[in-house]
Amino acid sequence: MSTILVTGGAGFIGSHLCESLLSLGHKVVCFDNLSTGSTYNISTLKQQKHFCFIKGDCNSLTDLRGVFKKDRFDYVFHYAAVVGVKRTLEHPLSVLQDYEGTKNVLMLCRKNDVKQIIYASSSEVYGNSPQIPEREDGILNPLQPYAVTKLMSEKLLDGYFKEHDMSTTALRFFNVYGPKQNSTPYGFVIGIFIKQALAKQPLTVFGDGLQTRDFVYIQDNISATLKTIENNKIKGKVINIAGSNETKIIDLAKKIIKLTSTTSTVKLVSQKYYDIHRRCGSIEKMKELLNFVPQFSLEQGLQETIKWYKESL
């Protein structure tokens, strides 16, 4: 049994990771300030013997230091972040402060001899890239505070790897979706579309709907992430966790309407925020270093997600 810290563990992706780590027999400490995470996401985990939830903020060194005093961690998955496009645009200073959280995590990991640190970065660091598919060694063009913070944190991990020989890895998550994902105006598109379809409301698509995204079902994201543990090939690396399947948003909306058997229609609305035109990630490094390829098609993942929404609404 290893002892593993998951910051942001009450969030959508973090809670799924906690659940999977527990199923593998690890002791898991979930640390979250609940600003965007929820105790609902970890409600079934709290009863498990080897799970512990601690409320606190990674951006507070005092809060985080207290966690490291309670346990010695073998691995740390640093997932804590302000998420959601609308939220990050409304509160850019809060987003930029997340860099302090990464500094605190890395400093305490070094001090406490943590074996490996895995950081949840984002495909947003590519911005509107002229290169499709987007490669880890390709052009980076972070356009918003969220993306800038992610890239700065990646560089900090790289610095700790090079100067202190620490085992650090940044995973660039593309558009993850699945059960427990938020569907409020603060994000995210698949959850919003499903909720609209089940309510027989129009599915609101920004612009012309021709913008694309690379969707990854949550179980594929988690399965790929678990392959980072004790993986010496990924030390100091940056790896896309993507599906390499470019999907137009208008086609996504039509697919959800079909799968929900609803009478909803697609409604094009004016663009509210600056949008990325294309998004599709290369998965060559994921295949090479993690020996993983996605197992869920978009249709399979949507069916599982729709089922969860039907049971939860």
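The values are calculated or read from the model by the stated rules, or taken from the named source; none is laboratory data. The structure presented is a predicted model; accordingly, all values stated were derived computationally and were not measured. Every residue, glycine as well, gets a Cβ built from its backbone with ideal geometry; the counts of neighbours run over all protein chains shown.
Determine if segment 78-95 includes at least one residue that is crowded, with 19+ Cβ neighbours inside 10 Å, touching a residue at least 40 places away in the same chain (Cβ under 8 Å) and assigned to a strand (DSSP E or B). For segment 78-95, residues crowded, with 19+ Cβ neighbours inside 10 Å, touching a residue at least 40 places away in the same chain (Cβ under 8 Å) and assigned to a strand (DSSP E or B): present. From the list GLN201, GLN219, the one residue that fits, being closer than 19 Å to LEU268 by Cβ and polar (S, T, N, Q), is GLN201. When segment 260-272 is filtered for residues that are in contact with a strand residue (DSSP E or B) (Cβ under 8 Å, 6 or more places away or on another chain) and either assigned by TED's automatic domain parsing to the domain that holds LYS227 or assigned to a loop (DSSP other than H, G, I, E, B) (or both), the ones remaining, listed by number, are SER264, THR265, SER270, GLN271, LYS272. When segment 273-312 is filtered for residues that are assigned to a loop (DSSP other than H, G, I, E, B) and aromatic (Phe, Trp, Tyr), the ones remaining, listed by number, are TYR273, TYR274, PHE292, PHE296.
Looking across segment 2-45, the residues that are in a loop (DSSP other than H, G, I, E, B), more than 18 Å from ILE118 (Cα to Cα) and free of Cβ contacts under 8 Å to residues at least 60 places away in the same chain come down to GLY25, ASN33, LEU34, SER35, GLY37, SER38, SER43, THR44, LEU45. Scanning segment 185-216 for residues that are aromatic (Phe, Trp, Tyr) and modelled with pLDDT of 95 or more yields PHE193, PHE215. Of all residues in segment 266-288, those satisfying the criterion of being out of contact with any Pro (no Cβ under 7 Å at 6 or more places or on another chain), more than 30 Å from PRO202 (Cα to Cα), crowded, with 18+ Cβ neighbours inside 10 Å and not basic (Lys, Arg) are ILE283, MET286.
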